[in-house]
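Structure first, then comments.
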Amino acid sequence: MRLASTPDGRVHVVHDDLLVDVTGALGLGVGPQGGLRELLSRGGGHAAHEALAALDLDSLPARSLAGTALGAPVPHPGKVVGAPVNYLDHKVEMGEQRTIAEYGVFLKAPSSVSGPDRPVRLPYRDVPVHQEGELGVVVGTTAWQVPAERALEHVFGYVPLLDVTVRSTEDRSTRKSFPTFTPTGPWVTTADEVGDPGALGLRCWVGDELRQETSTSELVYGVAQLVAYASHVMPLEPGDLIATGTPAGVGPLHDGDRVVLEIDRLGRLEVTVSGAEAVAYADRPGSR
């Protein structure tokens, strides 16, 4: 099943070329948290699956998917967990000697999440900002110190995710937490429909340039191992997002660019880039 959100936080099932609004049928509220996170918080991913499966989609209000603006599927996750240097080719590209085993995971601000067809806002006009195309994981059930062999039981679904990054000297959480720096969408595809998360093709374009192309089979820490590792650091809760890491091919973004991330079985995320609000790096608060 594919689940999308509109900017008002309403939850829809993507059914062929239609958006079927299930918000009212599931008794979900509409607000900044977003209905999908509320649904998951009620009883976890398994309960959400059961509630969705029980719906008669043909009896619910629907509209055309084409031309309907979508928001981030989970617009305000409890937390966004990131995985640094999690593809070997990116490790070589960045000249890194360490991976998650040494670095651990990092956190991005939940306010960095944005949806499809929205502009990534560049904060600086004189420091590079790079795209990083990634497989995103949506946590369905609370996970605390789970073993890798049980970790996928706690995954609700998967989503294309861009981890946008300023190439400056601050720590990762600072460089990756600006608003619009975690575009996600266009929808969450439930884990049962995706199958093996370690066998997905990933491609990312900036303009007409194909910058990144890989398979998630090349992850250093696969999804199960990453969920297990992160859950031994912090409880993962329903609606949390995990960014699993990016392959080689990261590169600079400029005002007017269009970025497209496509992942097999998950869909195609498209965003624009705007430098309208960019300032000089030396003029940022606290720099003097």
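For the reader, a short list of remarks on this structure follows.
- The listed residues are V220, V188, and the only one of them that is in the same structural domain as R98 (by TED's automatic domain parsing), modelled with pLDDT under 95 and within 15 Å of L135 (Cβ to Cβ) turns out to be V220.
- Qualifying positions in region 215-226 - touching a Phe, Trp or Tyr at 6+ places or on another chain (Cβ under 7 Å) and assigned to a loop (DSSP other than H, G, I, E, B): V220, Y221
- Any pair with Cβ under 7 angstrom, 6 or more apart, that starts in region 252-276 at a residue that is in contact (Cβ under 8 Å) with a residue 40 or more places away in the chain and ends at one that is among the basic types (K, R): V260/R268; E262/R203; E262/R268; E270/R258; V271/R118; T272/R258; S274/R121; G275/R125
- Qualifying position, being of a type in the set (A, V, I, L, M, F, W, C), at pLDDT 95 or above, surrounded by fewer than 20 Cβ atoms within 10 Å (Cβ to Cβ) and in contact with a Gly (Cβ under 9 Å, 6 or more places away or on another chain), among V233, V273, V259, V279: V233
- Filtered residues of region 175-224 (kept if surrounded by fewer than 19 Cβ atoms within 10 Å (Cβ to Cβ), out of contact with any strand residue (DSSP E or B) (no Cβ under 7 Å at 6 or more places or on another chain) and farther than 17 Å from G267 by Cα): D208, E209, S217
- Among the residues listed as S41, S59, the single one being more than 18 Å from T6 (Cβ to Cβ) and surrounded by 14 or more Cβ atoms within 10 Å (Cβ to Cβ): S41
- When region 1-19 is limited to residues that are more than 27 Å from E153 (Cβ to Cβ) and buried (at least 19 other Cβ atoms within 10 Å of the Cβ), the one that is modelled with the lowest pLDDT turns out to be G9.
- Check on L36, within 17 Å of the chain's Cα centre (by Cα), more than 19 Å from V164 (Cα to Cα) and not charged (D, E, K, R): yes
- Wholly enclosed strands (runs of 3 or more DSSP E) of region 227-278 bearing at least 2 residues more than 14 Å from V155 (Cβ to Cβ): 258-263, 267-274
The values are calculated or read from the model by the stated rules, or taken from the named source; none is laboratory data. Please read these numbers as outputs of a predicted model, since none were measured by experiment. Here the Cβ is made from the backbone with ideal geometry for all residues, glycine too, and neighbour counts use every protein chain on show.
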